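A short worksheet on the structure shown next.
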Amino acid sequence: MTNEMTGGSLESINRRNLLALGGGLLASGLPVIGSANASEITPRKGGTIRLGMAGGATSDSLNPVSYTDSVPIALGHGLFNALVECGPDNTPLPELAASFEARPGAREWVFNLRKDVTFSNGKTFGANDAIYSLNMHRGETRSGAATVMKNVADIKKSGDQQITISLRAADAEFPAVLTDYHLMMVPEGHSDWSKPIGTGPMVIDRFDPGVRAVLKRTRDYWKADRGFLDGAEITVIGDSSARLSALISGQIDAINRVDPKTVSLLARSPNHVVARSPAGWHPIIAMTCDRAPFDNPDFRQAMKYGIDRQQILKTLFSGLGSVGNDHPIAPSSPFFNKDLPQIAYDPDRAKSFLAKAGLSDMHVLMQTSDGAFNGAVDLATLYQASGVKAGLKIDVKREPADGFWTNVWLKGSCVVSYWGGRPSATQMLAVGYESGAPWNLSHYNDPRFDQVLNAARGEIDPEKRQPLIRDMQELISHNAGAVIPIFRDYLDGHHRKVGGITPHGLYDFCNGRILEKAWLGA
Amino acid sequence: MLIILGKKLVAAVLTLMAASVLIFAGTELLPGDLAGSILQNNATPETLAQLRLDLKLDQPATVRFMGWVEKLAHGDLGRSLTNDQDVATEIAPRLANTIFLATYAALVAVPLALGLGLITALYQGRWIDRIANVGSLMAISFPEYFLAYLLIKILAVDLGLLPSLANVAPDTELGPRLILTLLPMITLVLGTLAHMLRMTRTAVLSIMERPFIEMAILKGLPQWQIISRHALPNALAPIVSVIALNLGYLVVGVVVVETVFVYPGLGQLMVDAVGKHDVPVVQACGMIFATAFIGLNLLADMITIIANPRLRRQTQ
């Protein structure tokens, strides 16, 4: 929030509402478990941080188009910068774009680039670099950002340090798209990803995919308030017990994805704390609205009242999250609809909906797999058990982890899977619930919803967009075939001497920005 | 003797070929396909189709098998499907790590097992025999990951004596490397010791009841000399086969230990590759494991033959 922003020309955000939203996030929950440390207040320069991270594989590459998991995402943010940063409350903040504004109608966006930033090879960052970098994710590409970039019709240089992006359809939250972790800025023409060149705080020293990465800082970072570390060593540790013991035994300074069941143990350690990030990650039980019995709205209601959300949150995630209301916007989001009544576990109500649907004897086949996420099978089993009292007859089918994403996901009628959070509420709602969207898991098809969605996309004023986004949450919660029982917090564990690991509403380790944000105290 | 050795060698090559068929068939049986598991929930029908074409998944399995065997015969392990790296260059450092840890564990476990085996045979029924037996049996009865976590809990977390992460880098020098891999080494030694120790003890004891040992006793030789010079050479065959089995295990069976201690060995690479459906890497790892196992058994057979006068003199 200390990034320089150019004054009042911004239509979509301003510093005041940004601060207000950020404050709201911090007040809403307990961000840190364990005792805080003095070193978190005053950053200190120097030192090499040792990170133990889940989410790395031998197939990882430093090419931004290929990023899929925590380790490459953290590496990417250590080596490169994006045009726009996703703030802790998912508000877009200026990064290599010093400012941005939409032309009326939100079909054209102008980005003013910073003038004073150089790449690690000495070259100055400019418009051509930005265009080259964004085009890596457009057209024929295997980029994970290809889908969100489909809406981009053209990118033009409108000045030495200015680009203009025109869109196929209006998007009032387009800067949020550019916060995607794939969309890193590299020098024009760069393609040797074993020697990546970026504007980030560090350069790569050693990279052994799926095993380790060593980074070092070779110059002063262009952000005065970040980039304190001299270097970093990332060890890929897939096993959560191994991660935890490495942290406790002092071989590692910080780890991501702390097992919720061990948080209370870690908090008891005098030297360690857990940073808790309420975020948008959520499991989903997707029921296809166009196939029997889920085409019956009363049957879907019965399913919604027959799940014990509190029990799932408590049992599977040790309570470290929040209860969901069958729409994909998390309570931690500034766009969350607070006025929508919470759906609770109500077996009698579920029974009456079943009777109304005339489907009291209907058996439901629920497909689940460890390949979906850790705990997906347990979640289905808990659902089955709570459903018994509500008269629901759920048959849990455990699918092999291998092939789950090919053979089951998007194919079955009632499947347990998950959604990662998205940087903007509109994007999250569109990608999973717009009629005909490829990942519309519950085959939700509602012209009213599509209409509101399009209105929200064209609405630049956040004050006016807010009620539209709230309406969409209500529509999905009441009508779609999604059961979203909970939102899970991201949990980072670290030694007390590590500062700067702050909660983020999107992803673990400060949304991947740990290498520029963290510092080591004495 | 040469004929026997030749027969064994031919059998080993045939076994290796059978293993290659099994490995290839096994990877074909995995549910789902590579393209799907690479793209996960980023998959759309178009991207899937394009990736399948790129990966040559449209060709029949027999064609791909023959192509693979032909390349294999020329020493070409192929290219990784996920990152397009040469499989051999990807595997080499991992294989070196695996062999290092296996050798480290073997250098401790084999002499320890033989020594303790002889001592327990010598002091049969005495306290040292009982302690060694009960202790090694307890160690082998626990699952490996339990032993590993127990060692981490006590030696790394509570006492802070040893590192729990065996995250060696290619440029880690021998001294630090030996310390970093100390806990995984101890786990592997505890896991393999009992088998070898008990076989040594049993084999030596069974020889001890034979007439020529009685003769030696009557001659008045000291007991350590009877055991080391007369009993041990004759008991060598079963001991060597058990050692070979355990050495094979140290190479191929250490996936759990590698995962718990985050040791970058071949087992972890293979598990990673299975998860990503990276078939060439899985196949290459499979072939290396098969070769190691078959090779060590062949070596054990040869030592047995050479050590046994009756087999040595057989001329047919």
Among strands (runs of 3 or more DSSP E) lying entirely in segment A:110-228, which contain 2 or more residues that are farther than 30 Å from A:Lys45 by Cα and in contact with a Lys or Arg (Cβ under 9 Å, 6 or more places away or on another chain)? A:152-159, A:162-167
Tally, over segment A:66-87, of residues that are closer than 16 Å to A:Val177 by Cβ, within 17 Å of the chain's Cα centre (by Cα) and either aliphatic (A, V, I, L, M) or away from chain B (no Cβ under 14 Å) (or both): 5
Scan segment B:269-281 and tell me whether some residue there is in contact (Cβ under 8 Å) with a residue 12 or more places away in the chain and more than 14 Å from every other protein chain (Cβ to nearest Cβ). no
Restricting segment B:55-91 to residues that are surrounded by 14 or more Cβ atoms within 10 Å (Cβ to Cβ) and among the small types (Gly, Ala, Ser), which is modelled with the highest pLDDT? B:Ala88
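Can you give me the ranges of the helices (runs of 4 or more DSSP H) entirely in segment B:161-225 with at least 1 residues that are within 14 Å of chain A (Cβ to nearest Cβ)?
Values: elements: B:174-180, B:182-208, B:211-219.
It comes to B:174-180, B:182-208.
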Restricting the search to segment A:238-261, which residues are of a type in the set (D, E, K, R) and at the interface with chain B (Cβ under 7 Å from one of its Cβ atoms)? A:Asp239
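Here is a check on your reading of the model: is A:Thr199 of a type in the set (S, T, N, Q), more than 30 Å from A:Lys314 (Cα to Cα) and surrounded by 24 or more Cβ atoms within 10 Å (Cβ to Cβ)? Steps first, please.
Working: of a type in the set (S, T, N, Q): yes; more than 30 Å from A:Lys314 (Cα to Cα): yes; surrounded by 24 or more Cβ atoms within 10 Å (Cβ to Cβ): yes.
Spelling it out, A:Thr199 is indeed of a type in the set (S, T, N, Q), more than 30 Å from A:Lys314 (Cα to Cα) and surrounded by 24 or more Cβ atoms within 10 Å (Cβ to Cβ).
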Restricting attention to segment B:233-243, does a residue exist that is under 30 Å from B:Tyr149 (Cβ atoms) and away from every other protein chain (no Cβ under 14 Å)? yes
Hey, among the residues in segment A:202-212 that are of a type outside the set (A, V, I, L, M) and surrounded by 15 or more Cβ atoms within 10 Å (Cβ to Cβ), which one's farthest from the other protein chains (Cβ to nearest Cβ)? A:Phe207
Residue tally, condition crowded, with 21+ Cβ neighbours inside 10 Å, in contact (Cβ under 8 Å) with a residue 40 or more places away in the chain and under 19 Å from B:Ala109 (Cα atoms), over segment B:218-241: 1
Mind checking which residues of segment A:133-166 are within 18 Å of A:Ala437 (Cα to Cα) and either crowded, with 18+ Cβ neighbours inside 10 Å or away from chain B (no Cβ under 14 Å) (or both)? A:Gly144, A:Ala145, A:Ala146, A:Val148, A:Met149, A:Asn151, A:Val152
Kindly indicate whether any position in segment A:77-91 is surrounded by fewer than 20 Cβ atoms within 10 Å (Cβ to Cβ), of a type outside the set (A, V, I, L, M) and at pLDDT below 95. no
Out of (1) at pLDDT 90 or above; (2) touching a Pro at 6+ places or on another chain (Cβ under 9 Å); (3) surrounded by fewer than 21 Cβ atoms within 10 Å (Cβ to Cβ), the odd one out for A:Pro438 is which? (1)
Residues located in segment A:177-207, provided they are among the charged types (D, E, K, R) and more than 26 Å from the chain's Cα centre (by Cα): A:Glu188, A:Asp192, A:Lys195, A:Asp205, A:Arg206
Scan segment A:365-388 for residues that are surrounded by 15 or more Cβ atoms within 10 Å (Cβ to Cβ) and either more than 30 Å from B:Gly275 (Cα to Cα) or basic (Lys, Arg) (or both) and jot them down. A:Ser386, A:Gly387
Matching entry among A:Leu183, A:Leu215 (being modelled with pLDDT of 95 or more, away from chain B (no Cβ under 13 Å) and more than 30 Å from A:Leu167 (Cβ to Cβ)): A:Leu215
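For every residue, the table says whether it meets (1) part of a loop (DSSP other than H, G, I, E, B); (2) more than 12 Å from chain B (Cβ to nearest Cβ); (3) closer than 28 Å to A:Gly87 by Cα; (4) of a type in the set (S, T, N, Q).
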| site | (1), (2), (3), (4) |
| --- | --- |
| A:Leu354 | no, yes, no, no |
| A:Asp361 | yes, yes, no, no |
| A:Leu379 | no, yes, no, no |
| A:Ser417 | no, no, yes, yes |
| A:Arg422 | yes, yes, yes, no |
| A:Met428 | no, yes, yes, no |
| A:Ser435 | yes, yes, no, yes |
| A:His443 | yes, yes, no, no |
Search result, residues across segment A:54-65 that are in a loop (DSSP other than H, G, I, E, B) and away from every other protein chain (no Cβ under 12 Å): A:Gly55
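Among the residues of segment A:74-107, what is the count of those that are over 23 Å from A:Trp193 (Cβ atoms) and in a strand (DSSP E or B)? Before the answer, list the steps.
Of segment A:74-107, the ones over 23 Å from A:Trp193 (Cβ atoms) are A:86-94, A:97-107.
Adding the requirement that they be in a strand (DSSP E or B) leaves A:86, A:92-94, A:97-102.
Qualifying residue count for the region: 10.
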Does any residue in segment A:381-392 that is under 9 Å from A:Ala350 (Cβ atoms) come within less than 7 Å, Cβ to Cβ, of a residue that is among the aromatic types (Phe, Trp, Tyr) and surrounded by fewer than 20 Cβ atoms within 10 Å (Cβ to Cβ) six or more places away or on a different chain, and which pairs are these? none
Might you let me know whether segment B:94-101 holds any residue that is within 29 Å of B:Met185 (Cβ to Cβ), modelled with pLDDT of 80 or more and in contact with a Ser or Thr (Cβ under 8 Å, 6 or more places away or on another chain)? yes
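Could you say which residue among A:Arg243, A:Arg349 is in a helix (DSSP H, G or I), basic (Lys, Arg) and in contact (Cβ under 8 Å) with a residue 60 or more places away in the chain? Let's see the steps before the verdict.
On the way: A:Arg349 fails: in contact (Cβ under 8 Å) with a residue 60 or more places away in the chain.
Sole residue among the options that is in a helix (DSSP H, G or I), basic (Lys, Arg) and in contact (Cβ under 8 Å) with a residue 60 or more places away in the chain: A:Arg243.
The values are calculated or read from the model by the stated rules, or taken from the named source; none is laboratory data. The shown structure was predicted, so the numbers you read here are calculated from the model rather than taken from an experiment. Quick reminder, even Gly has a Cβ in these numbers, built from the backbone with ideal geometry, and neighbours come from all protein chains shown.
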